[in-house]
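J.: If you scroll down you'll find the structure; I have some questions about it.
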Amino acid sequence: MDLLAQAAGVTGDIGALKSAIAAMGYGLAAIGPGIGIGIVVGNAVQAMARQPEAAGMVRTTMFLGIAFTEALALIGFVLFFLA
Amino acid sequence: MDQIVLAIECDPAQPAACAPANTNELFETPTLFNIGSFGVNRAMLLMVLAALVVIALLLVAYRRPRLVPTRFGAIVEGVVGYVRDEIAVGVIGPEGVRYFPYLLSLFLFILVGNLFGITPLINFPVTSRMAVPFVLTLVTWVIFVILGFVRNGFGYVRDIVWPSTVPVALRPLVGLIEFVSTFALRPLTLAVRLFANMVAGHMLISVLLVGGFIFIVEFDSKSVLGVLWFALGIPIFAFEIFVALLQAYIFTLLAAVYIQSSLHPAH
């Protein structure tokens, strides 16, 4: 917090600095889940193409996988609002 | 808040260009009237309206069941059948029929609440108020935790913190991760997922449509940027219909998965 205040002493606006850091933090938090969801959906599409009769099961499992992968991005989103 | 609402230079003389008033109600809703000391605001009224819409939907569709349903009845029956067969029975198994009424109310309430966000004249998704997803998640959490204890006794927690399928050396670590994930992260992500998607969608629509509109008005309808912005808002608007459906589906699906994991914790 002191570090933040010192840095803000230069610009004079601590609120804007905090928001900027929070926005960047959310951007960083979105990288991992972005890659993860890409892998999940890509493999699900491949599975559906190889075995169309299993598409229903694959789709349900895919949404579950997405939901679990998304968790980190969602925590980043919450921190963005908290900051 | 305001930095992300509109990234244009802010003119204090015209505050409308700084922040569309439409997004503020996500976080502050003024009280409309009081019942005793109990303040009622717009979000609460819309919540009640959402519940009434769900009740009316099912009453109209199922009041007079017939062999060959009307077109409206067929649509509602399709939705109800999907929730029962694909979510309740499909995820939980044959026992799922017991939890089907809860899952159906969850699905329809969230769906109607989400669709309020793109309904003209309402334009406010009730599920974007954190209280709504939070309470829905709390109910789901209480159901699956109590179910776990009723079905498995104390073994429910033991299986989570001391999983027998994991090598002994890793059990404390995996147990800790599983414990936090089951009892803290599950409800948190379930609630925040719905909340975040609805807030983001509402903001996107507000920024694109309201912002585009303000640009067109402020610059005497010669604003190319405003027109482009407004045009971009229309496909986003259609995309929000898809998001509303998907989020209602995912919330219900995950609720079913959590209930299932309490019934059979070994899997």
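Coordinate-derived values only; no laboratory data. On a predicted model such as this, the values are computed, not experimentally measured, just so you know. Because the Cβ atoms are built from the backbone with ideal geometry, glycine has one as well, and the counts that use them run over all protein chains shown.
J.: Please report Rg (one decimal) and Dmax (integer) in Å for the Cα set of chain B.
T.: When restricted to the Cα atoms of chain B, Rg and Dmax are 22.5, 72 Å.
J.: Using the alpha-carbon atoms, what tilt in degrees (0 to 90, nearest 10) does helix B:224-263 show relative to the longest principal axis of chain B?
T.: 10 degrees
J.: Compute the acute angle (0 to 90°) between the alpha-carbon long axis of helix B:186-205 and the principal axis of greatest extent of the alpha-carbon atoms of chain B; round to the nearest 10°.
T.: The angle comes out at about 20 degrees.
J.: When Cβ neighbours within 10 Å are restricted to other protein chains, what is their mean count per residue of peptide A:64-77?
T.: That works out to 5 on average.
J.: Here's another thing I want to ask about it. Take each of the peptides B:107-117, B:30-40, A:20-30, A:44-54, average the number of other beta-carbon atoms within 10 Å over its residues, and list them starting from the highest.
T.: So the peptides B:107-117, B:30-40, A:20-30, A:44-54, ranked by packing, come out B:107-117, A:20-30, A:44-54, B:30-40.
J.: Same structure again: What does the average come to when, for each residue of peptide B:188-196, you count the partner chain Cβ atoms lying within 10 Å of its Cβ?
T.: 5
J.: Separate question: Can you divide the C-alpha Rg of the protein assembly as shown by 2.2 N^0.38 Å and report the result to two decimal places?
T.: In units of the 2.2 N^0.38 Å rule of thumb, it is 1.13.
J.: For B:N41, list long-range residues whose amide hydrogen, built 1.01 Å from N in the peptide plane, is under 5 Å from its own amide hydrogen.
T.: When sequence neighbours closer than 5 places are left aside, the close amide H contacts are B:L32.
J.: May I ask for the net charge around B:A200, where only other residues with Cβ less than 13 Å from the Cβ of B:A200 are counted and Lys, Arg are +1 while Asp, Glu are -1?
T.: -1
J.: Another question about this same structure. Can you sort B:D220, B:D159 by how many other beta carbons sit within 10 Å, fewest first?
T.: Fewest-to-most Cβ neighbours within 10 Å comes out as B:D220, B:D159.
J.: Measure nothing but the geometry: give the 0 to 90° angle between the long axis through the Cα atoms of B:71-82 and the longest principal axis through the Cα atoms of chain B, rounded to 10°.
T.: Result, in degrees: 50.
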